[in-house]
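First the structure, in the form of structure tokens, and then the observations on it.
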Amino acid sequence: MSAVPARTDPVRYVAIGDSFSEGVGDDGDVPFPGWAGRLAVGLADHLSGPVSYANLAIRGRLLAGVLDGQLDAALALDPAPTLITFCGGGNDMLRPGYDVDVLLGRLAEAADVVAARGIRLALLSPADPSARLPLGRLINARGDAWAEALTGFSRERGLPFVDVSRDAHLGRAEFWSEDRLHMNPLGHQRVADLALHAIADGPEAAVPRVPDATKTSVGEELRYYRDHVVPWVRRRVTGRSSGDGRVAGQGDWAPVVPSRPGGAGQTT
């Protein structure tokens, strides 16, 4: 008979970030959509203690907005979180005046605050949609610079880090939704698998086996620009954000039920 694993302390996991952490693009039939919600279920499956989950991420937020608003809200949760994941900076890459050193300075201040509270912080680099986007080369260069900065920072601080933007597989079209800016359920699940391995010593993410995406026609390309690029440009010109007026989708603790027998119980 195999030994029963020792019961672990409760995990209270909260995600902060932008649309990537909010889970935009994940329309799969799951209890908590997005890579963060899928990670929460993965933690419940992998660990032997109860897991609770909250998600304060809101689409369109710049890094400063994540750290100024969402981090304070995360720290104010009762009971306090034991784990925070941060992924931000992706929207900053689309703005003029992008400065990696400034972003890293803001992150360092936030990491100090989290460490002082005895809460574990895990970092992710933003997903890289550049392969099929206008201005893709610029976005890719900025994303690489931010990922490199996060790599060094996480190593220096001893923080778990998932380099999503430079994953060998996630640049493929098969992992992205119709807007080409947000991941689909396949992409979100791969990020969750990568995060579970980095944060909780879960199994290594398997090499994905998905069919190759078909080449788009001229008509499909025109529809893509009409339905997605033009509205995005219009928001930039008018100073609006896709997250204006939105609130966090999971603003308080929710118990996470394991997806398979033998996982953690559920409590707050």
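Could you please find all residues in the range 166-188 being touching a strand residue (DSSP E or B) at 6+ places or on another chain (Cβ under 9 Å) and touching a residue at least 40 places away in the same chain (Cβ under 8 Å)?
Of everything in the range 166-188, those that are touching a strand residue (DSSP E or B) at 6+ places or on another chain (Cβ under 9 Å) and touching a residue at least 40 places away in the same chain (Cβ under 8 Å) turn out to be 170, 176, 177, 182, 183, 184, 187.
Mind checking which residues of the range 190-207 are part of a helix (DSSP H, G or I) and open to solvent by less than 30 Å² (accessible area, probe 1.4 Å)?
Correct list: 190, 191, 192, 195, 196, 199, 200.
Within the range 38-52, does at least one residue satisfy the condition of being of a type outside the set (A, V, I, L, M), buried (at least 20 other Cβ atoms within 10 Å of the Cβ) and more than 30 Å from residue 174 (Cα to Cα)?
Scanning the range 38-52, I find at least one residue that is of a type outside the set (A, V, I, L, M), buried (at least 20 other Cβ atoms within 10 Å of the Cβ) and more than 30 Å from residue 174 (Cα to Cα), so the answer is yes.
Being in contact with a Ser or Thr (Cβ under 7 Å, 6 or more places away or on another chain) and at pLDDT below 95 is the filter; apply it to the range 111-133 and report the residue that is surrounded by the fewest Cβ atoms within 10 Å (Cβ to Cβ).
128
Out of (1) over 24 Å from residue 40 (Cα atoms); (2) exposed (fewer than 13 other Cβ atoms within 10 Å of the Cβ); (3) not β-branched (Val, Ile, Thr), what's the single condition that is false for residue 136?
(2)
Residue-by-condition table, conditions (1) aliphatic (A, V, I, L, M); (2) exposed (fewer than 15 other Cβ atoms within 10 Å of the Cβ); (3) assigned to a loop (DSSP other than H, G, I, E, B):
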site: 146; (1), (2), (3): no, no, no
site: 154; (1), (2), (3): no, no, no
site: 178; (1), (2), (3): no, yes, yes
site: 181; (1), (2), (3): yes, no, yes
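Just to be sure I understand the filter: pairs with C-beta atoms under 9 Å, separated by 6 or more residues or on different chains, first member in the range 138-152 and within 12 Å of residue 92 (Cβ to Cβ) and without any contact (Cβ under 8 Å) to a residue 12 or more places away in the chain, second member part of a helix (DSSP H, G or I) and open to solvent by 20 Å² or more (accessible area, probe 1.4 Å). Which pairs pass?
Here the result reads none, with nothing in the range 138-152 linked to a residue that is part of a helix (DSSP H, G or I) and open to solvent by 20 Å² or more (accessible area, probe 1.4 Å).
The values are calculated or read from the model by the stated rules, or taken from the named source; none is laboratory data. Please read all numbers here as calculations on a predicted model, not as lab measurements. Note: ideal-geometry Cβ built from the backbone for every residue, glycine included; neighbour counts use all protein chains shown. These accessible areas exclude ligands, DNA and RNA; they are computed on the full protein's heavy atoms, side chains included. Shrake-Rupley method; radii C 1.70, N 1.55, O 1.52, S 1.80 Å.
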